[in-house]
Ligand code: EZ4
Ligand code: CO
């Protein structure tokens with residue numbers, strides 16, 4: 001990079017190779033290209049417009065080497081603080097600038113973050129079955145693929161749709177294509193009656209050596225969460241995720257008083273400030289913030305640093321809606337950050353692997369970001385253009401009486 005190298009172009013690419021993604025491309029006057037992920041599931045076009053209309057014009061002409069200053073400029077310069085759209089846009093720029101910095105230096109990003117502290121990053125994937133026998137088959141299939149950590153979700157008797165499971169299918173994709181969200185009917189009591197037994201059956205099936213995780217997906221009150229935590233203590237979960245919506249974080253104290261089950265929260269958080277109380281009051285064990293939605297590599301590292309003080313670890317979000325660019329970025333943080341525990345890896349359909357050519361790799365239950373300069377994920381723009389955006393939304397949930405609840 002010459003000393004006069006500046007940002008020449010900022011392009012936003014929306015593509016739907018099986019599901020929607022938003023990719024950010026930053027090109028420098030020297031011709032170096034950096035890629036970021038700006039995918040916000042079900043609200044993709046809001047981030048695309050934020051980037052195109054408000055961020056791209058501000059970036060052209062700036063020094064691409066100033067990663068931290070650009071973060072500060074976009075965060076403080078917006079005046080309006082935080083929020084998923086803003087922070088996803090900032091995250092995309094941050095990841096793309098780290099990609100450029102790595103390419104210019106000829107180094108994978110993890111080397112610029114201080115180098116590897118581990119050889120590979122432990123990952124977990126999803127097992128899903130409508131009933132318990134189907135779930136156990138799914139767990140076996142994921143173990144055969146080498147996974148040592150598996151998230152287990154099952155259907156609930158009496159309900160037709162349940163988070164994390166698709167009836168009659170082996171895979172699960174939360175977003176549904178179409179002009180409006182699918183409406184799911186939810187019954188917390190039915191879930192609480194069923195879940196402990198299903199989780200116990202999974203533990204009995206796999207024995208002690210496999211890590212089991214479970215996602216409650218924001219459905220419980222603090223009292224219900226405390227009871228569920230107690231009921232599953234003998235299952236020895238790696239974590240119980242999102243037991244409450246965690247908007248009121250104080251309520252987690254009640255859960256903590258009653259159970260030692262490890263708690264993971266934060267996939268919907270955008271900044272260190274939403275994590276602060278949960279970390280400093282030790283109300284959780286794992287922070288789930290995603291590199292895309294929480295302001296990029298620079299900000300995820302800050303969250304990790306705060307969490308480290310309190311012996312809390314990172315287990316970032318990594319479903320299909322976190323693009324391969326973001327997964328790569330997360331793995332550079334994972335390889336170089338001491339208190340990074342585990343990376344969610346839901347996997348991608350074949351078209352996604354073609355559009356996003358990635359240096360990261362999976363083997364034997366672990367992920368590695370690869371050793372190419374930068375983040376190591378390139379977007380095939382011609383192929384991406386063949387998959388135009390398709391409206392898709394996450395489901396919504398209503399109770400049996402028709403009132404809205406948290407999905
Ligand atoms: O609901 O990716 O832990 N994983 C999850 C995911 C999220 C969706 C939201 O976009 O909770 O399934
Ligand atoms: Co989750």
The stretch 241-376: relative contact order in percent, alpha carbon pairs under 8 Å with at least 6 residues between: 18 percent
Distance between modelled label sites at residue 386 and residue 137, nm, 7 Å Cα→Cβ extension: 3.3 nm
Considering the zone a paramagnetic label at residue 310 would reach in this model (a point 7 Å from Cα along the Cα-to-Cβ line), which residues of the stretch 254-268 have amide N under 13 Å from it? 256, 263-266
Cα→Cβ-extended label distance, 7 Å offset, between residue 276 and residue 170, nm: 4.7 nm
Inter-site label distance for residue 193 and residue 394 at 7 Å from Cα along Cβ, in nm: 2.8 nm
What is the order of 110, 21, fewest Cβ neighbours within 10 Å to most? 110, 21
Relative to the first principal axis of the alpha-carbon coordinates of the chain, what is the inclination of helix 67-77, with its axis defined by its Cα atoms, in degrees from 0 to 90 and to the nearest 10? 70 degrees
Considering Cα pairs under 8 angstrom that are at least six residues apart, work out the relative contact order of the chain and quote it in whole percent. 22 percent
FRET efficiency estimate (nearest 0.05) - Cβ-Cβ, residue 119 to residue 233, R0 25 angstrom: 0.20
Peptides ranked, highest mean first, by Cβ atoms within 10 Å: ranges 171-179, 25-33: 25-33, 171-179
What's the FRET efficiency of residue 357 with residue 180 using the Cβ-Cβ distance as r and R₀ = 45 Å, to the nearest 0.05? 0.85
Extension reserve of the residue 204-residue 254 stretch, reckoned as 0.36 nm per residue once the Cα distance is removed: 15.1 nm
Over the stretch 7-107, what is the relative contact order in percent, taking alpha-carbon pairs closer than 8 angstrom and at least six residues apart? 33 percent
Give the calculated FRET efficiency between residue 43 and residue 160 to the nearest 0.05, with a Förster radius of 22 Å applied to their Cβ-Cβ distance. 0.25
For the Cα atoms of the chain, what angle does the longest principal axis make with the long axis of helix 296-309, in degrees from 0 to 90, nearest 10? 50 degrees
Specify the angular offset, from 0 to 90 degrees and rounded to the nearest 10, of the alpha carbon long axis of helix 324-336 from the longest principal axis of the alpha carbons in the chain. 90 degrees
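Just so you know, all these numbers are worked out from the coordinates, no wet-lab data involved. Computed from a prediction, not measured in an experiment: that's the story for all the values here. Neighbour counts are summed over all protein chains in view; Cβ atoms, including those assigned to glycine, are modelled from backbone coordinates with ideal geometry.
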